[in-house]
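The values are calculated or read from the model by the stated rules, or taken from the named source; none is laboratory data. Predicted, not measured: the structure shown is a model, and the values here were computed from it. Positions of Cβ are backbone-derived with ideal geometry, glycine not excepted, and every protein chain shown enters the neighbour counts.
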Amino acid sequence: MTRRSHVDHLRDEPIPRLLWRLSLPATVGMAVMASYNLVDTIFVGHFVGVEAIAGLAVAFPLQMILMGICQSFGVGGGVMVSLELGRDRLPQAELYLGNVVFLTLTAAFAFTLGVALGLDPILRAFGATDVTLGHAHDYVSAMIWGYVPYCGSVALNNLVRAEGNARVAMATMLISAGLNLVLDPIFIWWLGWGVAGAAWATVVANWASFIWLLAYFLSRRSFVRLRVAAILPRPEPIVRITVLGASVFARGAASSIMTIVINQVVMRFGTDLHLAAYGIYYRLMMFLFMPLFGLAQGLQPIIGYHEGADNPAKMREVIRLSTWVATGLSCLAFVILWAFPGPLIMIFSTEPALVTEGTRVLRAAALGFPVVGYHVVGTTMFQAMGRAAPAFILSMSRQVFFFIPLVLVLPNFYGLWGVWAAFPLSDALSFLITVALTEPQKHRIRQRALDLAARSM
C-alpha cells in the first residue's frame, strides 16, 4: 500500500464500503480497548472484592477528564487534518499534527502534576469513603505514571484515523489492550499487587501504544509525517484545534462531573453496593456502545474530507447511512442490557445483593439507549464539518443541560430510583435537541448537493 493510498480511498471509494472499512477496525479496536476497564473490574472484583470495584468507580472520573483533554486535541486536530487533505494541502496537515503533539504532551504533564500533588483531597471530592479511599488511592498512585503516554496515544490515534489508516489505529488499540489483558492477572493475582496491579498493567500498555504511534508518524508508513519543526507551537493551529475540540473536552468534562455527582448522590441515598452497581453499569454501557463509537470514528474523516473537497452528495450519503446503522446499534445495546442483566453482572461479581440491585440499575438506565445513536451521528457531523458551536451544544446537552439537573432534583422525591431515571430522561431530551439542530443542517447539505448537480448538467 502506497503512502498516498489511504487518502485516495477517502476520495474515490464508494461510501458504504468506505464507511465499513474505516468503522470496522475502529470498532474492533475500541471494543478491545474497552476491555481495559472491563478486565480491570473483573479481576479486581473476583480477586480483591466489591469495595475495590467501588474504589475504581471513584477513581474513574480522573481518567475521563484526561480522556476528554486528549480527545479534544485529537479530534480537533483530526478534523483539520481531514479538511486539509481534502483541500490537498499536506504541509498544513503536518503542521496540525505537530501542534497536536505539543498541546497533548503539555496538557498531560500539567494534569499528572496536579493529580500527584492533591490526590487524596481529589478522591474525597469524587465521593471516596473511608472504605473506598485506600483502593482508589492505590489505583491512581500507579496510574499517574501512564497519564502522559495515554494522552499521547488517544490524541495521535485520532490523527491516524484522520488520514484514513484505520488498520494502524486498530493495531494500536490491540497492542495496548492485549498487553493489559496479559499483565492484569500477573500483576493483580500472581504478584499480589491488587488494585495497584491493575493500574500498572495499564501503564505498561499505555507506553507501548504511545511508542508505536510515534514510530508510525516518524516513518514513511504515514502520509502525514511528524516533523520536529511542526511541533513548535503556532497560534493559528492551536486556536483551531482548541476551538474544534472544545465540544469533545466539554463532553469529557461533563461526563466526569456527572460521575462525581452520581457518586455523591448515590452515597447520600444508598451504599457502596449501589456505587459498585453503577460502576458495572458504566463499564458495560461503554463496552456495548463501542460499535457506535467506532462508527462515529469512521464517519468523521469521511465527512471532513468531503467537506474540504466540497462534495456534499457524498456527505449526505454517509450521514444518512450512518444514522440508520447507529440507530440499529443503539437498539441492539438496549436489548442486550435489558435481556441479560444478571449474567452480565455476574461476570464481575457473584454476590447476590449486587446482582439483584444491579439488575434494577441496568434495566432502568438503559431505557433511553435506542435514541443515543442519532445523537452521536449528529454530534460527529458538526465536529467533522468544523462547526464548533452546534457540536459544543450537542456535546453538552445530555450531561450538563439535562442529566446533572435531573440527578440533583429527582432523588429528593424518588430516592435512588431518581438517579436511575435521570439516564433515560436525559437521553430523550438530548435527542429532541439533536433533531432540532441536525435536520436543518442536513437540509442545507442536500440543497448544496442539488445545486452542484444542477450546475454540472
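Annotations for the structure displayed:
- Out of ALA366, ALA353, one residue alone is closer than 21 Å to ALA254 by Cβ, modelled with pLDDT of 85 or more and not hydroxyl-bearing (Ser, Thr, Tyr). It is ALA366.
- Test for ALA276: is it under 29 Å from PHE423 (Cα atoms) and touching an Asp or Glu at 6+ places or on another chain (Cβ under 9 Å): yes
- Remark: pairs (first residue in segment 134-148, touching a residue at least 40 places away in the same chain (Cβ under 8 Å); second residue of a type in the set (Ser, Thr, Tyr) and not in a helix (DSSP H, G or I); Cβ separation under 8 Å; 6+ apart in sequence or on different chains) are absent.
- Residue match in segment 88-110 (condition: under 25 Å from ASN157 (Cβ atoms), among the basic types (Lys, Arg) and in contact (Cβ under 8 Å) with a residue 60 or more places away in the chain): no
This table checks each residue for (1) out of contact with any Pro (no Cβ under 7 Å at 6 or more places or on another chain); (2) farther than 17 Å from GLN92 by Cα.
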residue: ASN180; (1), (2): yes, yes
residue: VAL195; (1), (2): yes, yes
residue: TRP200; (1), (2): yes, yes
residue: TRP207; (1), (2): no, yes
residue: ARG221; (1), (2): yes, yes
residue: VAL224; (1), (2): yes, no
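- Taken as a whole, the condition of being buried (at least 22 other Cβ atoms within 10 Å of the Cβ) and charged (D, E, K, R) does not apply to ARG268.
- Top-ranked residue of segment 347-373 - restricted to ones that are assigned to a helix (DSSP H, G or I) and free of Cβ contacts under 8 Å to residues at least 40 places away in the same chain, ranked as surrounded by the most Cβ atoms within 10 Å (Cβ to Cβ): VAL355
- In segment 147-169, the residues that are within 15 Å of TRP207 (Cα to Cα) and either surrounded by fewer than 24 Cβ atoms within 10 Å (Cβ to Cβ) or among the hydroxyl-bearing types (Ser, Thr, Tyr) (or both): TYR147, VAL148, PRO149, TYR150, SER153
- Evaluation of THR242 against the conditions (1) surrounded by 20 or more Cβ atoms within 10 Å (Cβ to Cβ); (2) within 26 Å of PRO390 (Cα to Cα) shows that the sole unmet condition is (1).
- Pairs, first closer than 10 Å to MET315 by Cβ in segment 444-456, second part of a helix (DSSP H, G or I) and charged (D, E, K, R), C-beta under 7 Å, six or more apart: ILE445/ARG316; ARG446/ARG316; ALA449/ARG316
- None of PHE269, PHE249, PHE210, PHE223 is more than 30 Å from GLY415 (Cβ to Cβ), more than 24 Å from the chain's Cα centre (by Cα) and among the aromatic types (Phe, Trp, Tyr) except PHE223.
- Only one entry of SER141, SER153 meets the criterion of being closer than 29 Å to LEU90 by Cα and hydroxyl-bearing (Ser, Thr, Tyr), and that entry is SER153.
- Contact map, segment 296-319: residues that are surrounded by 20 or more Cβ atoms within 10 Å (Cβ to Cβ) and at pLDDT below 90 paired with residues that are of a type in the set (D, E, K, R) and not in a helix (DSSP H, G or I), Cβ distance under 6 Å, separation 6+ or inter-chain. Pairs shown: GLY308/ARG87.
- Residue identified as of a type in the set (Val, Ile, Thr), outside any helix (DSSP H, G or I) and modelled with pLDDT under 80 among THR27, THR2: THR2
- Segment 185-203: number of residues that are surrounded by 19 or more Cβ atoms within 10 Å (Cβ to Cβ) and either of a type in the set (Phe, Trp, Tyr) or out of contact with any Gly (no Cβ under 7 Å at 6 or more places or on another chain) (or both): 8
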